[in-house]
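Written below as structure tokens is the structure these notes are about.
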Amino acid sequence: MKEVIFSKSPEDLPLAAEKILKELPSERIFAIYGSMGAGKTTLIKAFCHALGSNDVVRSPTFSLVNEYGDKKGNSIYHFDFYRIKQIEEVYDIGFEEYIDSGNYCFLEWPERISELLPEKYVYVTIEVGEDEVRKITFSLQNLIETP
């Protein structure tokens, strides 16, 4: 399954986030790929608001992870791996515990920690096209599927 959503403006992103969450209701790990300025943080903000968070969503560029609450009081984790220098930094924050928590985890710059990604996650790409239209592609990556 691979789906594509086009976003003509930042105002379209909440609908895109809601669609992705609705299509994959049991998934909790979302790896968001895209170039600098593509809208990764803005999309994660839309995911958090779709999950009922009223928190201010900002990229955790220096802290690596921010925690927000959803409408039920559950944690939502937002990671930004852009500035990591060594993979040990990710281990040091307890990344595996976050991923195994069962809570929503949204990862910016996941390509920097590709060896730590779980066997099953939602792969999301954002590409900026003509007139700043965003092409958002999403699919479930499941390396543990058996034929």
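The values are calculated or read from the model by the stated rules, or taken from the named source; none is laboratory data. The model shown is predicted, which means the values in this text are computed figures rather than measured ones. Glycine also receives a Cβ, built like all others from the backbone with ideal geometry; neighbour counts cover every protein chain displayed.
Taken over segment 118-147, the criterion of being without any contact (Cβ under 8 Å) to a residue 40 or more places away in the chain, in contact with a strand residue (DSSP E or B) (Cβ under 8 Å, 6 or more places away or on another chain) and among the charged types (D, E, K, R) is satisfied by E119 alone.
On the basis of being of a type in the set (A, V, I, L, M, F, W, C) and either in contact with a Lys or Arg (Cβ under 7 Å, 6 or more places away or on another chain) or part of a strand (DSSP E or B) (or both), does I113 make the cut? No: the conditions fail for I113. Please work out if Y91 is under 19 Å from P14 (Cβ atoms) and out of contact with any Lys or Arg (no Cβ under 9 Å at 6 or more places or on another chain). Against the criterion (under 19 Å from P14 (Cβ atoms) and out of contact with any Lys or Arg (no Cβ under 9 Å at 6 or more places or on another chain)), Y91 does not qualify.
Scanning segment 102-119 for residues that are surrounded by fewer than 15 Cβ atoms within 10 Å (Cβ to Cβ) and modelled with pLDDT of 95 or more turns up G102, E111.
Being of a type in the set (F, W, Y), within 17 Å of K45 (Cβ to Cβ) and either surrounded by 15 or more Cβ atoms within 10 Å (Cβ to Cβ) or modelled with pLDDT of 95 or more (or both) is a property that does not hold for Y98.
Scanning segment 55-82 for residues that are without any contact (Cβ under 8 Å) to a residue 12 or more places away in the chain and assigned to a loop (DSSP other than H, G, I, E, B), we see that the one that is surrounded by the most Cβ atoms within 10 Å (Cβ to Cβ) is S63.
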